């Protein structure tokens, strides 16, 4: 999936089978978080991007990834929840592949020049494009990096499980 605008050029590919993962956005923090998400989702694939502003990068990667993941929606397991610790931080993540909603309740502070609200922008863009209800709760937040990384680990685990194939449509309506 590719998204080209005057602000960014983003390419995202996701496979659910084994394989390699290449992430090159030019933002080392974001690259680390995306590799973490792919690893814990058991995804392989590629994320490449060029950009003007960091905000545009994080949002447009979320948009493009959400569009790419839409192809796994049909007859998927739909729901998953997990709690992930990382040292002093503890993050709850719960997803429902259905419609777009984000509850981002994590009191993280700017640290080392990193704006943690970029995480919210990425997640909201992903939710809108995938059709994902996502709850992120920082149950214990210490180090900003640890809390953010725990949220990406948890999101990866939830996406990997919720998007896995199911032998039925996980809705009494018969459709997501």
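Here are the numbers:
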| quantity | calculated |
| --- | --- |
| Residue that is nearest to residue 21 (Cα to Cα), among those in region 45-58 that are in contact with a strand residue (DSSP E or B) (Cβ under 6 Å, 6 or more places away or on another chain) and in a helix (DSSP H, G or I) | 57 |
| Check on residue 61, touching a strand residue (DSSP E or B) at 6+ places or on another chain (Cβ under 6 Å), modelled with pLDDT of 95 or more, crowded, with 20+ Cβ neighbours inside 10 Å and not in a strand (DSSP E or B) | yes |
| Residues of region 77-131 satisfying the condition of being surrounded by fewer than 16 Cβ atoms within 10 Å (Cβ to Cβ) and not in a loop (DSSP other than H, G, I, E, B) | 79, 81, 83, 85, 101, 103, 105, 111, 117 |
| Residues that are touching a strand residue (DSSP E or B) at 6+ places or on another chain (Cβ under 7 Å) and either buried (at least 18 other Cβ atoms within 10 Å of the Cβ) or in contact (Cβ under 8 Å) with a residue 24 or more places away in the chain (or both), drawn from region 29-44 | 29, 34, 38, 43, 44 |
| Pairs with Cβ under 6 Å, 6+ apart, first in region 142-164 and free of Cβ contacts under 8 Å to residues at least 60 places away in the same chain, second surrounded by fewer than 22 Cβ atoms within 10 Å (Cβ to Cβ) and outside any helix (DSSP H, G or I) | 142/88; 144/109; 144/111; 144/116 |
| Region 1-24 residues that are farther than 16 Å from residue 69 by Cβ, paired with ones that are modelled with pLDDT of 95 or more and loosely packed, with under 12 Cβ neighbours inside 10 Å (beta carbon under 9 Å, 6 or more apart) | 6/52; 7/52; 7/53; 8/52; 8/53 |
| Flag for residue 82 being under 19 Å from residue 150 (Cα atoms) and in contact (Cβ under 8 Å) with a residue 24 or more places away in the chain | yes |
| Criterion violated by residue 54 - all others in (1) more than 26 Å from residue 139 (Cβ to Cβ); (2) surrounded by fewer than 19 Cβ atoms within 10 Å (Cβ to Cβ); (3) without any contact (Cβ under 8 Å) to a residue 40 or more places away in the chain satisfied | (3) |
| Among residues of region 138-164, those that are modelled with pLDDT of 95 or more and surrounded by fewer than 17 Cβ atoms within 10 Å (Cβ to Cβ), counted | 3 |
| Scan of region 132-176 for residues that are under 17 Å from residue 76 (Cα atoms), touching a helix residue (DSSP H, G or I) at 6+ places or on another chain (Cβ under 7 Å) and in a loop (DSSP other than H, G, I, E, B), ordered by number | 163 |
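The values are calculated or read from the model by the stated rules, or taken from the named source; none is laboratory data. Since this is a predicted model, take the numbers as computed values, not measurements. Quick reminder, even Gly has a Cβ in these numbers, built from the backbone with ideal geometry, and neighbours come from all protein chains shown.
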